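The values are calculated or read from the model by the stated rules, or taken from the named source; none is laboratory data. Just so it is clear, the structure is predicted and the values come from calculations on it, not from any experiment. As a convention, Cβ positions derive from the backbone with ideal geometry for all residues, glycine included, and neighbour counts pool all protein chains shown.
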Ligand SMILES: [Zn+2]
């Protein structure tokens, strides 16, 4: 499972974006190598026995996904799943402390509706993109539950998956998501996995960044040692993202 953040030519201090031409090359590569790109719901409930099925997901719901990634995926007639921050629809990403003077706009209502019409699935990325592990149980319930309600009412569609902000998951988060009616919770790959008897699953994903090559994308979708190399790279990135969480918490 792959996760993208920004697909844009605009400069940023972090490396969480890929350029539109990188994205185009990557999607062309996946499709020409026989991968079937589907939404998360299709992946888990309709194509679960198809090893060629994979899901492209996007976190944060930036407008550049509509401007650049959407037309590329449309070319191949394939959908994706996008995780939205429910209180930042149509707004600037002021929740992100690391960007300095550069701000990015989130998708607005019309753009999201168009994606849904084209077969995309929307998921929740919380109400405010808060670091959940640092919140009280009631606050976590609010972030996970209210964002689902808000998105479902606004877009008249089912929200079945939650992507935890900063990719961090624990048992508490999984249990609350289950109670709120989610089918799965996405995080970033880490060495620590929560295998539980809960009827909800943790979905580990590997992020695609500016520095990734076609070879590293192949490794992210493979098994064994090649996959482990990418999981190791992801854990280093996860470690660095703790700095972002710290900066955010000090504001
Ligand atoms: Zn995020």
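Values for this structure:
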read-out: Qualifying residue in the range 46-53 (condition: in contact with a strand residue (DSSP E or B) (Cβ under 7 Å, 6 or more places away or on another chain) and at positive phi); value: no
read-out: Some residue of the range 139-151 being within 16 Å of the ligand (Cβ to nearest atom), under 30 Å from residue 219 (Cα atoms) and in contact (Cβ under 8 Å) with a residue 60 or more places away in the chain; value: no
read-out: Positions within the range 93-117 being within 18 Å of the chain's Cα centre (by Cα) and modelled with pLDDT under 95, in sequence order; value: 93, 95, 96, 104, 105
read-out: Close pairs (6 angstrom Cβ cut-off, 6 or more residues apart or separate chains): touching a residue at least 12 places away in the same chain (Cβ under 8 Å) and within 13 Å of residue 115 (Cβ to Cβ) in the range 49-70, within 13 Å of the ligand (Cβ to nearest atom) and in a loop (DSSP other than H, G, I, E, B) anywhere; value: 62/104
read-out: The one condition in (1) assigned to a loop (DSSP other than H, G, I, E, B); (2) at pLDDT 90 or above; (3) under 16 Å from the mean Cα position of the chain (by Cα) that residue 190 fails to fulfil; value: (2)
read-out: Conditions (1) over 30 Å from residue 77 (Cβ atoms); (2) without any contact (Cβ under 8 Å) to a residue 60 or more places away in the chain; (3) part of a loop (DSSP other than H, G, I, E, B): number failed by residue 159; value: (1)
read-out: Candidates 31, 27, filtered to the one that is crowded, with 20+ Cβ neighbours inside 10 Å, modelled with pLDDT of 90 or more, more than 16 Å from the ligand (Cβ to nearest atom) and within 25 Å of residue 112 (Cβ to Cβ); value: 27
read-out: Residue match in the range 10-23 (condition: surrounded by fewer than 17 Cβ atoms within 10 Å (Cβ to Cβ) and within 28 Å of residue 159 (Cα to Cα)); value: no
read-out: Residues that are part of a helix (DSSP H, G or I), away from the ligand (no atom under 16 Å from the Cβ) and in contact with a strand residue (DSSP E or B) (Cβ under 7 Å, 6 or more places away or on another chain), drawn from the range 54-83; value: 68
read-out: In the range 153-191, the residues that are within 17 Å of residue 40 (Cβ to Cβ) and out of contact with any strand residue (DSSP E or B) (no Cβ under 9 Å at 6 or more places or on another chain); value: 181
read-out: Tally, over the range 141-159, of residues that are within 14 Å of the chain's Cα centre (by Cα) and more than 15 Å from residue 59 (Cα to Cα); value: 0
read-out: Any hit, the range 84-103, residues being more than 15 Å from the ligand (Cβ to nearest atom) and buried (at least 17 other Cβ atoms within 10 Å of the Cβ); value: no
read-out: Test result for residue 116, more than 16 Å from the ligand (Cβ to nearest atom), touching a helix residue (DSSP H, G or I) at 6+ places or on another chain (Cβ under 8 Å) and farther than 24 Å from residue 169 by Cα; value: yes
